[in-house]
Amino acid sequence: MSRSDGSMLSRIVTILDVVAAGGPVVSRTEIADRTGLPKATANRIVADLVGARLLQPVEGGVGLGIRLFELGVRAEQRGLGLRDAALPFMEDLYEITHETVQLAVLDGIDVVYLQKISGRRSLRLDTRVGGRRPLTCTGSGKLLLASAPPDLLDRVRAERGFVRRTPHSITDPAAMRRALATIREQRYAVDDEEFALGTRSIAAPVVHGGEVVAALSLSGRADRITVPAAAPAVRAAAAAISRELTRLRPTGARPR
């Protein structure tokens, strides 16, 4: 790939990221502003993406195109089907607790949510399937960070720093290292009002091939979720998903 091809690919990915993060509709002016591209360049790339059905025109701007959905479905079908394997056990955990249950994976220095189950009795969380959150102040993020190579913590610190969402967020590197060591020892992580005040989350590892490939979490009001009561249920559900993954694919590539 030539340098110009790489530059164009980077621009395309950046535009898709901006539209994905911006909601159902993002204006062309907003795309140019957020990407830093000249307006004419941004409009030309957007037009090409619309022609390829990667974006679709809507009133006021553009949104993600149906072709992205089609490609995502194909990617899921060709992979191990982590979401499909996890869903029955997530539903069981939800029925037991009636709190929000989420499945997340590590991507770069973010946690990305693959699946979410909630109901009328669940606390409303501003997470969504496909959404990203910081690693250092979420239960799933800390669980995945604790399971990753040690240099990931250094990368998070260098590229973003430790996000301070609430007064309870851990922002001291030494305190974070101690917290991650505790997570590795107890095999679950707790977000104790670190991402949002009044909210507690407990996450446990989903394992395949000896590696932590995802985090299963239970989130809700801090006055309703207690660690001694909830942690065993979350760990049991995560272990069940791990066994299902092993049954579906005893050997082979890491599931995505």
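The values are calculated or read from the model by the stated rules, or taken from the named source; none is laboratory data. Here the structure is a predicted model, which means the values were calculated and not measured. So basically every Cβ, Gly included, is an ideal-geometry build from the backbone, and we count neighbours across all protein chains shown. SASA here: full protein model, heavy atoms, side chains in, ligands and nucleic acids out. Shrake-Rupley method; radii C 1.70, N 1.55, O 1.52, S 1.80 Å.
Observations
Here's the yes/no breakdown for (1) of a type in the set (D, E, K, R); (2) touching a residue at least 60 places away in the same chain (Cβ under 8 Å); (3) outside any strand (DSSP E or B):
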site	(1), (2), (3)
PRO167	no, no, yes
ALA181	no, no, yes
VAL190	no, no, no
VAL206	no, yes, no
VAL212	no, yes, no
ALA215	no, yes, no
SER242	no, no, yes
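- Among the residues listed as GLY60, GLY65, GLY72, the single one being at pLDDT below 90 and open to solvent by less than 30 Å² (accessible area, probe 1.4 Å): GLY65
- Selection of the stretch 167-199 for residues being of a type in the set (Gly, Ala, Ser), open to solvent by 40 Å² or more (accessible area, probe 1.4 Å) and under 19 Å from the mean Cα position of the chain (by Cα) yields an empty set.
- Checklist (1) part of a loop (DSSP other than H, G, I, E, B); (2) more than 22 Å from MET90 (Cα to Cα) applied to ARG224, failing item: (2)
- Residue in the stretch 147-157 that is open to solvent by less than 10 Å² (accessible area, probe 1.4 Å) and without any contact (Cβ under 8 Å) to a residue 40 or more places away in the chain present: no
- For the stretch 36-49, filtering for residues that are open to solvent by less than 30 Å² (accessible area, probe 1.4 Å) and under 16 Å from LEU64 (Cα atoms) leaves 4.
- Qualifying residue in the stretch 202-212 (condition: under 18 Å from GLU99 (Cα atoms) and touching a Gly at 6+ places or on another chain (Cβ under 8 Å)): yes
- Matching residues in the stretch 228-256 - criterion: being of a type in the set (Ser, Thr, Tyr), in contact with a strand residue (DSSP E or B) (Cβ under 8 Å, 6 or more places away or on another chain) and at pLDDT below 90: THR246
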